[in-house]
Amino acid sequence: MRSLVVLLALFSVSWAGVRHPHFKIAGRNGVAPAVTTQPFNPTVDVLPLYGIDTSDSNRGAGQVIGIIDAYGASTAESDLAAFSRANGLPAANFQKVDQNGGTNYPKDDPDDASGDGWGVETALDLQIAHAVAPAAKLILCTAKSASDTNLNACIKTLTNLHVNHISMSYGGSEGDTSSDSYFQQAQEAGISLFASAGDSGAEAEYPAASQYVVAVGGTTLHTNSDGSFNSETAWSGSGGGCSKYTKVIPEQNADPGYASLGCKGKKALPDLAALADPNSGITIIFHGQELEGIGGTSLAAPLTAGRAAIRGDQVTPAYVYTGGIQFRDITQGSNGHSAKAGLDLVTGEGAWIGSE
């Protein structure tokens, strides 16, 4: 019996240390397409709804955004170039490295052939980050696999490359916090860290649950017939909840809404939110072809990293609560937890809006 308990414990830790991407596609991944689905053009349709000045082509100038994904993503650069042309964006300042900072890139994810692999995730991450902050440099770090060991190597590499912001659109069960030492070093080096909160509803996932990482939840955008803003609600798939292990930071603990969440001294997820519902998702380029209705909190995390690049500040979890970010409070919708005025377990403080 004792050996069985040990075996199950080891299996649990192993499972927690392997991450999965957080993208969703309308009509796939268990997502029923809405009858009125109209995939957004990210630059024309989405960014103005968040107050981003799309006439300013210097958004993110002088900033470097690091993107971490698993496997090789061999068409990432050509897809990014095609996306830029299709959306009237300047060519991206793009660099690709392996997890050790070299050019020994891993093979592509075998699931890319069906459109379910990490290659889609990589395309989404790069393209939305570039749409938001077209003047920022993008460095893609390709991990050998989705294990924490290999993903952590990318954290170390991007820290050594002196990026300003890191976006991580992946997650999994809490329990293995081996990434925290890498996150701490990155934060101490002045780097913002963003992670998607998950796409399975009311659940806290890691690395979003780390005390060093800004957890990004998901919303649904609703527009009028002319494309103007109507409302924004919580996305039902948005990850969120109370961490089982991570202590709340003082800045979140001091938030007037924290006490009512029932987190009892643990981190409340997410910290903030952005567009994630694939039924109000975007169109990207993957393997040279348009792929419509892409969402998940995988969209929200790099979108937020791009926002941080426009602002030009290190955005830490503490900064979310003290840095003067303008939020649109999301008070409708549910992921199992209900959105409410102020801090909640679906959209955090709300959606980051304004020109910075």
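Assorted remarks:
- Test: S167 is under 18 Å from the mean Cα position of the chain (by Cα), at pLDDT 95 or above and among the hydroxyl-bearing types (S, T, Y): yes
- Residue match in region 33-40 (condition: modelled with pLDDT of 70 or more and touching a helix residue (DSSP H, G or I) at 6+ places or on another chain (Cβ under 9 Å)): no
- Answer from Q289, Q314, Q252 - the residue that is of a type in the set (S, T, N, Q) and without any contact (Cβ under 8 Å) to a residue 60 or more places away in the chain: Q289
- Search result, residues across region 72-102 that are among the aliphatic types (A, V, I, L, M) and touching a Cys at 6+ places or on another chain (Cβ under 7 Å): V97
- Tally of residues being crowded, with 16+ Cβ neighbours inside 10 Å, assigned to a strand (DSSP E or B) and of a type in the set (S, T, Y) across region 308-356: 1
- Residue within region 254-264 that is in contact with a Gly (Cβ under 7 Å, 6 or more places away or on another chain), open to solvent by 30 Å² or more (accessible area, probe 1.4 Å), at negative phi and outside any helix (DSSP H, G or I) present: yes
- Of the criteria (1) open to solvent by 50 Å² or more (accessible area, probe 1.4 Å); (2) assigned to a helix (DSSP H, G or I), which one L299 fails: (1)
- Of all residues in region 217-243, those that are farther than 19 Å from S298 by Cβ have Cβ atoms under 6 Å from Cβ atoms of residues that are of a type in the set (A, V, I, L, M) and in a loop (DSSP other than H, G, I, E, B), 6 or more apart or on another chain, in S243/A204; S243/A209.
Yes or no, residue by residue, for (1) without any contact (Cβ under 8 Å) to a residue 12 or more places away in the chain; (2) within 25 Å of C242 (Cα to Cα); (3) among the acidic types (D, E); (4) surrounded by fewer than 22 Cβ atoms within 10 Å (Cβ to Cβ):
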site	(1), (2), (3), (4)
G102	yes, no, no, yes
W118	no, no, no, no
A129	no, no, no, no
A146	no, yes, no, yes
A195	no, yes, no, no
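- When region 225-253 is limited to residues that are assigned to a strand (DSSP E or B) and open to solvent by 30 Å² or more (accessible area, probe 1.4 Å), the one that is nearest to E203 (Cα to Cα) turns out to be C242.
- Test result for F94, in a helix (DSSP H, G or I) and among the aromatic types (F, W, Y): no
- Filter result for the condition that a residue is out of contact with any Gly (no Cβ under 6 Å at 6 or more places or on another chain), among the charged types (D, E, K, R) and at pLDDT 95 or above, over E205, E232: E232
- Unmet requirement for Q211, which otherwise passes all of (1) under 30 Å from A339 (Cα atoms); (2) crowded, with 23+ Cβ neighbours inside 10 Å; (3) modelled with pLDDT of 95 or more: (2)
- Hits in region 290-318 - residues which are modelled with pLDDT of 95 or more, among the hydrophobic types (A, V, I, L, M, F, W, C) and closer than 11 Å to F23 by Cβ: L299, A300, A301
The values are calculated or read from the model by the stated rules, or taken from the named source; none is laboratory data. Small disclaimer: the values here were computed from a predicted structure and weren't measured. Please note: Cβ atoms are built from the backbone with ideal geometry, for glycine as well, and neighbour counts cover all protein chains shown. Accessible surface is based on the protein model in full, side chains and every heavy atom, while ligands, DNA and RNA are left aside. Shrake-Rupley method; radii C 1.70, N 1.55, O 1.52, S 1.80 Å.
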